[in-house]
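In what follows, a single structure is set out as structure tokens and then discussed.
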Amino acid sequence: MKGAKSKSDSKKSDSRLAVKKREAPAQKKAPAKKAKEAKDPNKPKRPASAFFVFMEDFRKQYKEKHPNNKSVSVVGKAGGDKWKSMSDAEKAPFIAKAEKRKSEYDKTLQAYNKKLAEKKDVEEEDEAEESDKSKSEVHDDEDDDDDSGEDDDEDE
């Protein structure tokens with residue numbers, strides 16, 4: 001019989017399933033969560049896409065036509081439907097604005113990264129100087145202890 005399973009076959013499949021069920025929670029716990037780095041408030045924000053540039057104007061127009069509407073989701077859905085129905089020619093001014101904002105963002109991001117790199121270089125130099133100083137101070141302290149110990153022996 002092709003389709004019939006024996007009792008031993010069902011036990012094997014059950015044990016395989018049981019093993020997999022036991023391993024699954026352990027695998028979820030294995031990767032340790034890393035603490036998120038604090039975001040730099042001075043970092044420039046990413047520019048809006050063409051759709052969000054369009055939505056800035058659309059929200060104003062929609063509020064003028066529908067002053068009683070308080071729902072954000074309705075405005076978003078209406079804006080999305082309008083954007084989908086627009087032709088490429090109608091979208092062109094919004095795309096141009098978005099590209100202009102993107103180029104400005106790239107410039108400010110490069111300046112930000114340059115300042116950040118300079119700041120890190122200065123910090124690394126300071127750390128290198130501090131570590132050199134601390135090594136020499138520790139070494140000097142050991143020499144002072146040896147000298148003071150010898151002086152004590154000579155006095156006695």
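The set of residues in segment 82-98 that are part of a helix (DSSP H, G or I), without any contact (Cβ under 8 Å) to a residue 24 or more places away in the chain and either loosely packed, with under 10 Cβ neighbours inside 10 Å or under 27 Å from the mean Cα position of the chain (by Cα) (or both) comprises 84, 85, 88, 89. Whether a residue is at pLDDT 55 or above, out of contact with any Pro (no Cβ under 7 Å at 6 or more places or on another chain) and surrounded by 10 or more Cβ atoms within 10 Å (Cβ to Cβ) was assessed, and residue 106 passes this test.
Taking the conditions (1) surrounded by 12 or more Cβ atoms within 10 Å (Cβ to Cβ); (2) modelled with pLDDT of 95 or more; (3) over 30 Å from residue 41 (Cα atoms) in turn, residue 62 satisfies each one other than (2). Scanning for something modelled with pLDDT of 95 or more and of a type in the set (Val, Ile, Thr), does segment 70-84 turn up at least one residue? No, the conditions are met nowhere in segment 70-84.
The values are calculated or read from the model by the stated rules, or taken from the named source; none is laboratory data. Note that the structure is a prediction, hence the values are computed from the model and not measured. Backbone-built Cβ (ideal geometry, glycine too); neighbour counts: all protein chains shown.
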